[in-house]
Amino acid sequence: MKKVKKPNPMLLLTINCSIGNKRNHLSIKRLCDLFLHIKEKENSLTSLEKYAITTMQEEAKPQEIELFKQEYPHIPKENIDYALSIKPYAK
């Protein structure tokens, strides 16, 4: 039986639409890893990760964030909220 692929969440689509260059698009795994390890990575974020966080803060609708939290319950909600509260370009 063929495994049905889960569609990409709207949050990821919002980020990737803003990035433009498809070679730089984030995968769902990379976005999940960013949220899972945000506190350790905060001072060493890549330019793309900084851009993704800023895009989420400025362009993502609250519903997109909430749906992502529901669809990926293995990611602590506190980590997502923390990522959305930092100023990635301030450092």
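The values are calculated or read from the model by the stated rules, or taken from the named source; none is laboratory data. Please read these numbers as outputs of a predicted model, since none were measured by experiment. Cβ atoms come from the backbone with ideal geometry, glycine included; neighbour counts cover every protein chain shown. These accessible areas exclude ligands, DNA and RNA; they are computed on the full protein's heavy atoms, side chains included. Shrake-Rupley method; radii C 1.70, N 1.55, O 1.52, S 1.80 Å.
Being in a helix (DSSP H, G or I), over 11 Å from Cys32 (Cα atoms) and either touching a strand residue (DSSP E or B) at 6+ places or on another chain (Cβ under 8 Å) or open to solvent by less than 20 Å² (accessible area, probe 1.4 Å) (or both) is the filter here, so list the residues in region 66-91 that pass it.
Within region 66-91, just Ala83 meets the criteria.
Can you report the number of residues in region 20-78 which are among the basic types (Lys, Arg) and under 14 Å from Asn8 (Cβ atoms)?
3
Please work out if Lys41 is out of contact with any helix residue (DSSP H, G or I) (no Cβ under 6 Å at 6 or more places or on another chain), surrounded by 14 or more Cβ atoms within 10 Å (Cβ to Cβ), over 22 Å from Cys17 (Cα atoms) and not polar (S, T, N, Q).
In short, yes.
Which of the residues spanning region 30-47 are of a type in the set (D, E, K, R) and over 13 Å from the mean Cα position of the chain (by Cα)?
Scanning region 30-47 gives Lys39, Glu40, Lys41, Glu42.
I'm trying to understand the selection: among the residues of region 1-25, which are of a type outside the set (Gly, Ala, Ser) and closer than 22 Å to Ala90 by Cα?
Result: Ile15, Ile19.
I'm trying to understand the selection: among the residues of region 9-38, which are surrounded by 14 or more Cβ atoms within 10 Å (Cβ to Cβ) and not in a helix (DSSP H, G or I)?
Pro9, His25, Leu26
Does region 4-18 contain any residue that is in contact with a Pro (Cβ under 7 Å, 6 or more places away or on another chain) and under 19 Å from Ile86 (Cα atoms)?
No; the residues of region 4-18 include none that is in contact with a Pro (Cβ under 7 Å, 6 or more places away or on another chain) and under 19 Å from Ile86 (Cα atoms).
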